[in-house]
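Below is one structure, written out as structure tokens, with a few remarks after it.
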Amino acid sequence: MFTITCRSGVEGWFLLLQSCCYVIGAELSSGTYAFGLFNGVSGTRVDRLDGLFLINSSDVGRTAYAGGVLLERISDLTGDEAADDAQLDELGKLPAVAPRNSISAEIAAHLVRDIGPSQIPFGGDWLLSMPTVRSLSRNG
């Protein structure tokens, strides 16, 4: 189990169990919990993980929602804490929402799928899932 702390005010735990990665965290200013379940990979260096994330929105009713997630390694830590912190600060200035058409059709189709009984005849899923057989998780 690893403890994670992000500059955005999120703290939590990252647990590796069998072939999955579990994330349990909370956003500190509102106390909103977040849960993630990611398909794991064998190896010590992970380049990409996909899975599902569950969180409450910030609306009055605190509506729960889930969605597909893809995490990709964009660089390695240098070992120089000041340089790593500066790079994190720069990355934190990027827009939180990806620009339109910046995501490949393959990734969009992987993360955003029609689900439910009407999709079964078309090879769709009954429930929101991220099956290992279709996983985009990989190691380097």
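The values are calculated or read from the model by the stated rules, or taken from the named source; none is laboratory data. Fair warning: this is a prediction, and the values are worked out from it, not measured in the lab. A quick note on method: Cβ atoms are made from the backbone with ideal geometry, for glycine too, and the neighbour counts reach across all protein chains shown.
What number of residues within the stretch 124-140 satisfy the criterion of being part of a loop (DSSP other than H, G, I, E, B) and within 16 Å of the chain's Cα centre (by Cα)?
The qualifying residues number 7.
So, in the stretch 64-84, exactly how many residues are closer than 19 Å to Phe38 by Cβ and part of a loop (DSSP other than H, G, I, E, B)?
Selection size over the stretch 64-84: 2.
So, in the stretch 27-42, exactly how many residues are touching a residue at least 40 places away in the same chain (Cβ under 8 Å) and part of a loop (DSSP other than H, G, I, E, B)?
3
What number of residues within the stretch 65-85 are exposed (fewer than 12 other Cβ atoms within 10 Å of the Cβ) and more than 30 Å from Arg113 (Cα to Cα)?
The number of residues fulfilling the criteria is 9.
Give just the number: which of (1) out of contact with any strand residue (DSSP E or B) (no Cβ under 8 Å at 6 or more places or on another chain); (2) assigned to a loop (DSSP other than H, G, I, E, B); (3) surrounded by 11 or more Cβ atoms within 10 Å (Cβ to Cβ); (4) at pLDDT below 85 does Ile120 not satisfy?
The one condition Ile120 does not meet is (2).
Do you know which of the residues in the stretch 90-117 that are in contact (Cβ under 8 Å) with a residue 40 or more places away in the chain and part of a helix (DSSP H, G or I) is surrounded by the most Cβ atoms within 10 Å (Cβ to Cβ)?
Within the stretch 90-117, the subset in contact (Cβ under 8 Å) with a residue 40 or more places away in the chain is 92, 110-113.
From what is left, the residues that are part of a helix (DSSP H, G or I) are 92, 110-111.
Working: Gly92: 11, His110: 17, Leu111: 15.
Filtering first and then ranking leaves His110.
Kindly indicate the residue of the stretch 19-39 that is at pLDDT below 85 and of a type outside the set (Ser, Thr, Tyr) and also surrounded by the most Cβ atoms within 10 Å (Cβ to Cβ) among those meeting that condition.
Here the residue is Glu27.
Please determine whether any residue of the stretch 43-63 is without any contact (Cβ under 8 Å) to a residue 12 or more places away in the chain and outside any loop (DSSP other than H, G, I, E, B).
no
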